[in-house]
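Chemist: Before anything else, here's the structure in question.
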Amino acid sequence: MEAISVITGTMAPLPRANVDTDQIMPKQFLKRVERTGYGEFLFHEWRKADPQFVLDRPEYRGAEILVTGPNFGSGSSREHAPWGLADWGFRAVVAPSFGDIFRNNCTKIALLPVELSPKEVQWLIGLAEADPAAVVRIDLDAQTVTAPGFEAHFDMDPHTKWRLLNGLDDIGLTLRHQDEVATFEATRPFFKPTTVSR
Amino acid sequence: MARTLFDKVWDDHIVRQATGEPALLYVDLHLVHEVTSPQAFDGLRMAGRRVRRPDLSLATIDHGVPTDNRHLGIKDPLSKRQIDFLVKNCQEFGIPLFGLDDPRQGIVHVIGPEQGLTQPGMVIVCGDSHTATHGAVGALAFGIGTSEVEHVLATQTLPQNRPKNMAITVDGDLSVGVTAKDIILGIIARIGVGGGNGHVIEYRGSTIRSLSMEGRMTICNMSIEAGARAGMVAPDDTTFTYLEGRPFAPKGRVLDAALAYWRSLPTDDDAAFDTEIRLAANDFEPYVSWGTNPAQTVSVTGVVPSPDSAENPIEADSIDRALAYMDLRPGQPISEIRLDRVFIGSCTNARIEDLRVVAAMVSGKRVHPEVSAMIVPGSGLVKLQAEREGLDQVFLSAGFEWRDAGCSMCLGMNPDILGPGERCASTSNRNFEGRQGAGGRTHLVSPPMAAAAAIEGHFVDVRSWS
């Protein structure tokens with residue numbers, strides 16, 4: 001996984017609440033068996049219905065930060081949603097809150113989920129709408145989001161932060177503790193089922 | 001220290017807990033399906049890793065399968081390729097598979113409990129957000145993404161931050177015509193689609209205790225629609241009776257040991273929850289979702305709300321958008337909404353009890369001439385059981401289509417989809433824009449509400465319908 005330290009870029013504003021992963025990546029694109037190539041399908045139905053949708057406006061084309069409403073990424077666990085956002089070119093999503101599974105999925109692929117207060121997010125959305133070229137700086141180590149005249153702090157659990165800063169993938173980390181897994185496994189109750197037909 | 005049901009199951013699965021790190025949890029059962037697994041298996045291959053415990057994994061095919069004319073094969077080349085990948089991956093990595101030719105094939109969240117694989121006190125994961133269904137037996141079950149699927153395949157564990165405890169207690173007797181589906185729709189309407197974020201919900205109280213296992217599954221299933229990681233119900237005699245004799249359930253002396261453990265799981269009397277909500281059974285009515293998220297739900301006797309009722313501009317905007325998408329106007333009575341389609345199915349409501357209720361209601365009646373209605377059983381075994389009871393004949397005589405098992409029109413990854421503008425009463429779990437087909441309009445309801453709507457062509461209050 002790619003390491004994240006500082007993300008500096010422009011924003012795309014999407015001031016909507018409860019954007020579910022069905023909207024981010026509609027189901028017809030979940031039939032692919034690849035992990036890449038989802039960017040073009042991002043928000044497919046919304047873009048089809050509205051040629052002026054934010055992603056298709058030239059002034060927001062190069063945006064690396066999506067700024068959006070509360071509970072972003074609710075619903076389905078499909079990792080295709082963060083894959084699509086990352087593939088499009090986003091490196092961070094800023095929102096007042098996220099769906100739990102979506103947030104987890106983002107941190108597995110180095111797409112940074114940043115939670116700010118509703119007021120702070122509203123301020124950034126206002127800035128992005130007024131000045132699409134406005135540059136925002138997200139510093140993961142300092143846990144800050146800054147723009148001219150704006151500074152906000154965000155929370156991040158220390159382990160996830162360390163993992164993202166170092167670009168470490170979870171599987172490699174867990175495999176370092178295989179002995180502990182084996183010890184635990186040896187003490188599992190005998191009545192737990194297996195899927196091998198009896 | 002007094003602990004909740006969730007605390008006990010969590011604590012019993014901690015492989016490793018280092019300061020400042022998430023807990024590393026052991027996974028007792030990993031359910032796998034075709035849509036969220038191919039990239040995970042590819043990841044294993046690229047890293048030269050094996051599946052640590054194929055004997056704690058079970059795969060089936062549910063999301064992309066056609067529900068009719070299966071003998072003709074799968075026409076959609078992408079779905080066929082995805083399904084072929086799963087079959088090949090299961091062979092290569094030694095994972096048991098309930099394939100398309102297996103009578104036990106079905107929706108992953110229907111077959112786990114049906115086989116008795118879903119047991120109290122287990123940690124169960126699956127690359128699907130409705131994994132919460134399995135919490136009905138007192139397991140901790142939650143949905144994960146594909147990177148996490150790969151992690152579980154490789155290590156049989158998952159690093160997780162500990163969620164908070166939420167208790168939702170419902171006491172009293174439900175009125176006739178009010179179902180488990182109405183309880184969970186009513187809860188989501190009250191706490192909102194983000195109300196459970198960061199929490200595991202334990203459903204408690206006499207109303208929950210009086211529900212069958214299948215009713216409890218319906219409630220736990222939709223925990224994710226309130227944003228919760230998981231939903232749980234403490235195991236009791238209803239649970240133990242349900243599990244008895246199922247193929248993978250313990251028997252004899254093994255059962256005695258399991259029962260002793262299972263009986264220790266319910267929340268201690270003085271355990272504390274981070275959040276507590278108390279409701280009375282008579283707070284609930286038959287509900288119909290009118291909007292584009294499951295919290296946008298009102299009583300069947302109600303009317304479509306107005307953006308003026310919103311508490312803030314973002315909510316007003318979301319009501320506006322939902323009204324436009326659903327082609328409804330504020331103040332419109334729910335009972336006047338006319339339907340084109342009815343879908344009875346999904347991991348929320350496609351088990352045998354759901355089908356029995358529907359059959360009892362539509363027996364001797366006819367589906368409204370302007371409505372096309374389909375019933376999709378949750379598994380091959382549910383289908384067989386329904387046919388043994390003659391329910392299929394009731395459905396067919398009433399003009400319903402009777403299909404093979406799968407996720408079907410809950411998410412429309414197979415050929416079962418709504419056309420643009422079509423309006424559907426659905427027993428599924430999500431009314432998101434385009435969920436059942438691009439431009440399709442979904443109203444979430446209980447199985448009896450869907451049955452009555454199929455006959456009448458519009459929503460009716462099942463409490464006064466005959």
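Chemist: Give me the percent relative contact order of region B:316-403, please, defined on Cα pairs under 8 angstrom at least 6 residues apart.
Modeler: It rounds to 31 percent for region B:316-403.
Chemist: For the residues A:Ile7, B:Ile14, B:Ile184, what sequence is obtained by ranking on other C-beta atoms within 10 Å, fewest first?
Modeler: Numbers: A:Ile7 18, B:Ile14 15, B:Ile184 29.
With the fewest neighbours first, A:Ile7, B:Ile14, B:Ile184 line up as B:Ile14, A:Ile7, B:Ile184.
Chemist: Output ³J(HN,Hα) for region A:168-173: one whole-Hz value per residue in order, computed from phi by the Karplus curve 6.51 cos²θ - 1.76 cosθ + 1.60 with θ = phi - 60°, and x for Gly and Pro.
Modeler: Using θ = phi - 60°, the values come out as 8, 9, 4, 5, x, 5 Hz.
Chemist: Between A:Asp157 and B:Asn161, what is the label-to-label distance in nm when each label sits 7 Å out along the Cα-to-Cβ direction?
Modeler: 0.6 nm
Chemist: Please give the residues of region A:162-191, grouped as numeric ranges, whose backbone N is less than 15 Å from a label point set 7 Å along the Cα-to-Cβ vector of A:Met1.
Modeler: A:162-176
Chemist: Turning to a different aspect of this structure: In Å, what Kirkwood hydrodynamic radius results for the protein assembly as shown from the alpha-carbon pair distances? Before the final figure, lay out each step's value.
Modeler: Working: mean 1/r = 0.0400 Å⁻¹.
For the protein assembly as shown, the Kirkwood estimate is 25.0 Å.
Chemist: Once fully extended, how much extra length lies between B:Asn282 and B:Ser363, figured as 0.36 nm per residue of separation less the alpha-carbon to alpha-carbon distance?
Modeler: This chain segment gains 26.3 nm when fully extended.
Chemist: For A:Val67, list long-range residues whose amide hydrogen, built 1.01 Å from N in the peptide plane, is under 5 Å from its own amide hydrogen.
Modeler: Those qualifying (amide H under 5 Å, at least 5 residues apart or on another chain) are A:Ala12, A:Leu14, A:Val94.
Chemist: For region B:129-220, take every pair of Cα atoms, bin their distances at 10 Å starting from 0, and report each bin as a whole percent.
Modeler: 14, 45, 27, 12, 2
Chemist: Same structure again: At a Förster radius of 35 Å, what calculated FRET efficiency corresponds to the Cβ-Cβ distance of B:Arg356 and B:Val254, to the nearest 0.05?
Modeler: FRET efficiency, B:Arg356 to B:Val254: 0.65.
Chemist: Let me ask another. When only C-alpha pairs under 8 Å and at least 6 residues apart count, what is the relative contact order of chain B, in percent?
Modeler: Reported as a whole number, the value is 17 percent.
Chemist: Let me ask something else. For B:Thr36, B:Thr241, what's the fewest-to-most ordering of other Cβ within 10 Å of each Cβ?
Modeler: Taking fewest neighbouring Cβ atoms as first place, the list is B:Thr241, B:Thr36.
Chemist: Could you work out the mean count of beta carbons from other protein chains within 10 Å of each residue's beta carbon in B:244-254?
Modeler: Average neighbour count from other chains, rounded to a whole number: 2.
Chemist: Give me the distance in nm between label points sitting 7 Å out from Cα along the Cα-to-Cβ direction at A:Ala49 and B:Asp173, one decimal.
Modeler: Going from the A:Ala49 label point to the B:Asp173 one covers 4.5 nm.
Chemist: Tell me, in nm to one decimal, what length is gained between A:Asp179 and A:Asp139 on full extension, where the rule is 0.36 nm per residue of separation less the Cα-Cα distance?
Modeler: 10.8 nm
Chemist: Determine the shielding of peptide B:221-231 by partner chains: average, over its residues, the number of Cβ atoms on other chains within 10 angstrom of each Cβ.
Modeler: For this peptide, the per-residue mean of nearby foreign Cβ atoms is 2.
Chemist: Let me confirm one metric for peptide B:155-164, namely the mean number of other chain beta-carbon atoms within 10 Å of its residues' beta-carbons.
Modeler: 4
Chemist: Assuming R0 = 30 Å, what is the FRET efficiency of B:Arg338 and B:Arg388, from their Cβ-Cβ distance, to the nearest 0.05?
Modeler: 0.25
Chemist: Another one. If I model a spin label at B:Leu72 and B:Asp236 as a point 7 Å from the Cα along the Cα→Cβ vector, what separation in nanometres do I get?
Modeler: Here the modelled spin labels are 4.8 nm apart.
Chemist: What is the calculated FRET efficiency for A:Glu129 to B:Arg49, with r their C-beta to C-beta distance and R₀ = 56 Å, to the nearest 0.05?
Modeler: Once the sixth-power term is evaluated, E becomes 0.75.
Chemist: Quick one: of the DSSP bridges fully inside the protein assembly as shown, what percent are antiparallel, nearest 5?
Modeler: For the protein assembly as shown, the DSSP antiparallel bridge percentage is about 30.
Chemist: For a footprinting-style exposure proxy, rank A:Ile101, B:Ile334 by other Cβ within 10 Å, fewest first.
Modeler: So the ranking, lowest neighbour count to highest, is B:Ile334, A:Ile101.
Where a number appears in this text, it was derived from the coordinates with a stated rule and is not lab data. Small disclaimer: the values here were computed from a predicted structure and weren't measured. Virtual Cβ from ideal backbone geometry, glycine too; neighbours counted across all protein chains shown.
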